[in-house]
Amino acid sequence: MKAVERTQITVFLGNRPGVVADLCAALTREEISIQAMTVLDTVDVGTMRMIVDDPEKAQQALKGTAAAFVLVPVLSLVIPNRGGAFAEIAATMANAGINIEYVYATCLPDAPRSLGVFRVSDLATALKLEYPD
């Protein structure tokens, strides 16, 4: 299975109630679908990482908010929902000398696959690898 390069939008948010809701509402008004998302917090600032169906349109929507954001190239990979699948993917990357800086993924328990979003140390090489199916 081949990986695909995607554009992740990383948004820096104030850590208070309603900030994520406001940001999601801005995207909803522009009919942008969030396909994957993670929100991490610190005491003062939250970091929201997301993959959307239209990154260019999302940038325009976010410019209308007070949120600061950056675009980050990431690897997107469909992961089989079976024991050992992530270990095989991680080993494939490790054997190629690629460090996984962070990853987020989830799926429903009975879904056959999930979507994994990986920030890696060498995106160009990671995109050329063949991953277990």
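Just so it is clear, none of the values below were taken in a lab; they were calculated from the coordinates. As the structure is a prediction and not an experimental result, all values here were calculated from the model. Every residue, glycine among them, receives a Cβ derived from its backbone with ideal geometry; neighbour counts consider all protein chains shown.
For the range 6-108, what does the relative contact order come out to in percent, with C-alpha contacts under 8 Å and a separation of six or more? Please report the intermediate quantities before stating the final value.
Details: 125 pairs, mean separation 34.6, N = 103.
So the answer I get is 34 percent.
Look at 13, 40 and count the other Cβ atoms within 10 Å of each Cβ; fewest to most, that gives 40, 13.
Sites counted here are GluC sites (Glu not before Pro) in a DSSP loop (not H, G, I, E or B) having no more than 16 other Cβ atoms within 10 Å; the longest part of the chain that contains none of them is 32-129. Tilt of helix 19-29 relative to the longest C-alpha principal axis of the chain, in degrees (0 to 90, nearest 10)? Helix 19-29 sits roughly 90 degrees off the main axis of the chain. The structure shown yields Cα extents along the principal axes in Å, and of the options (1) 42, 32, 30; (2) 91, 35, 22; (3) 134, 28, 15 that calculated value carries the label (1).
Counting Lys and Arg as +1 and Asp and Glu as -1, each charge on the Cβ, what is the dipole of the chain about the Cα centre in debye, to the nearest 20?
Around 40 debye, computed over the chain.
Among 102, 131, the order by Cβ neighbours within 10 angstrom, fewest to most, reads 102, 131.
Enumerate by residue number the trypsin sites (Lys or Arg not before Pro) in the range 64-133 meeting two conditions: DSSP loop (anything except H, G, I, E, B), and at most 13 other Cβ atoms within 10 Å of the site's Cβ. Please report the intermediate quantities before stating the final value.
Working: sites: 82, 113, 119, 128; in loops: 82.
Sparse-neighbourhood loop trypsin sites (Lys or Arg not before Pro): 82.
Estimated at 0.36 nm per residue, the fully extended path between residue 20 and residue 122 surpasses their Cα-Cα distance by 33.7 nm.
Computed from the Cβ-Cβ distance with R0 of 22 Å, the FRET efficiency linking residue 10 to residue 60 stands at 0.85. Partners of residue 2 within straight-line reach, counting lysines whose Cα lies under 26 Å from its Cα and excluding those fewer than 8 residues away in the same chain: 128.
Where does the charge balance sit around residue 5 when Lys and Arg score +1, Asp and Glu -1, over other residues with C-beta under 14 Å from its C-beta? Intermediate values should be presented prior to the final figure.
Details: positive: 2, 6, 119, 128; negative: 122.
Taking every Cβ under 14 Å from that of residue 5, the sum is +3.
Given axes a ≥ b ≥ c from the Cα gyration tensor, I'd like to know whether the range 63-128 is rounded (a/c under 1.5), prolate (a/b larger than b/c) or oblate. Kindly include the intermediate steps, with their values, before the conclusion.
Numbers: a/c = 2.96, a/b = 1.29, b/c = 2.29.
In terms of gyration-tensor shape, oblate.
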